[in-house]
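So the structure is just underneath, and the comments pick up after that.
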Amino acid sequence: MATRDEIVDQIAGFALFADLTTPQLERIAHMFEEEVYPEGARVLRQGLSGSAFHIILDGEAAVVIDGQQRATLSRGDFFGAVSILLGESPVADVVALRALRCLVLPGSDVELFLLDHPKVMFRILQAQARRLRNANRWRS
């Protein structure tokens, strides 16, 4: 497990946190827990479970919908936000393609986190809009 200072250094380079100051990054590093998932682990299960917001520090994960891999997530990417915001089960499995190290925020803390960090909320919204656009392209 990394120290909080090491986590701050890592997330400082993520697009999601590009607008934040070092003190804000330090607070974030203390809010999130670090979790490690072995290769092959299902972090989220389509239609079943998912109650946390994850930000990938290291590793890769597959986004699998109805048995088909639709995307690969890696360092700096995030997942779990939509199911938390909608209060619904995940629409995809997220499976570790290789050991996956994430920062994890419980779903119950996400609303307050986003309200306290509107620039992060905006970047999440942008990323979700890109994902929606790409999903629409797949369907065409």
- Task: Filter region 5-26 down to residues that are touching a residue at least 40 places away in the same chain (Cβ under 8 Å) and more than 20 Å from Leu125 (Cα to Cα) and give me whichever is least open to solvent (accessible area, probe 1.4 Å).
- Result: Ile7
- Inspect all residues belonging to region 97-110 and state whether any of them is open to solvent by 30 Å² or more (accessible area, probe 1.4 Å), over 13 Å from the mean Cα position of the chain (by Cα) and among the hydroxyl-bearing types (Ser, Thr, Tyr). yes
- Only residues that are surrounded by 15 or more Cβ atoms within 10 Å (Cβ to Cβ) and either under 18 Å from Ala12 (Cα atoms) or of a type outside the set (Gly, Ala, Ser) (or both): list them for region 74-85, please. Gly76, Asp77, Phe78, Phe79, Val82, Ile84, Leu85
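Residues are listed down the side, and each one gets a yes or a no for (1) modelled with pLDDT of 95 or more; (2) out of contact with any Cys (no Cβ under 6 Å at 6 or more places or on another chain); (3) among the basic types (Lys, Arg):
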| residue | (1), (2), (3) |
| --- | --- |
| Asp66 | no, yes, no |
| Arg75 | yes, yes, yes |
| Gly87 | no, yes, no |
| Ala92 | no, yes, no |
| Leu100 | yes, yes, no |
| Leu125 | no, yes, no |
- Task: Determine which member of the set Ala71, Ala2, Ala29 is among the aliphatic types (A, V, I, L, M), open to solvent by less than 60 Å² (accessible area, probe 1.4 Å) and assigned to a strand (DSSP E or B).
- Result: Ala71
- Query: Do we have any residue at all in region 41-60 that's on the phi > 0 side of the Ramachandran plot and at pLDDT below 95?
  - Reply: yes
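The values are calculated or read from the model by the stated rules, or taken from the named source; none is laboratory data. From a predicted model like this one, the values you see are computed outputs, not experimental measurements. Note that we place each Cβ from the backbone using ideal geometry, even for glycine, and neighbour counts take in every protein chain shown. Ligands, DNA and RNA are stripped out before the accessible areas are found, and what is left, the full protein with its side chains, is counted by its heavy atoms. Shrake-Rupley method; radii C 1.70, N 1.55, O 1.52, S 1.80 Å.
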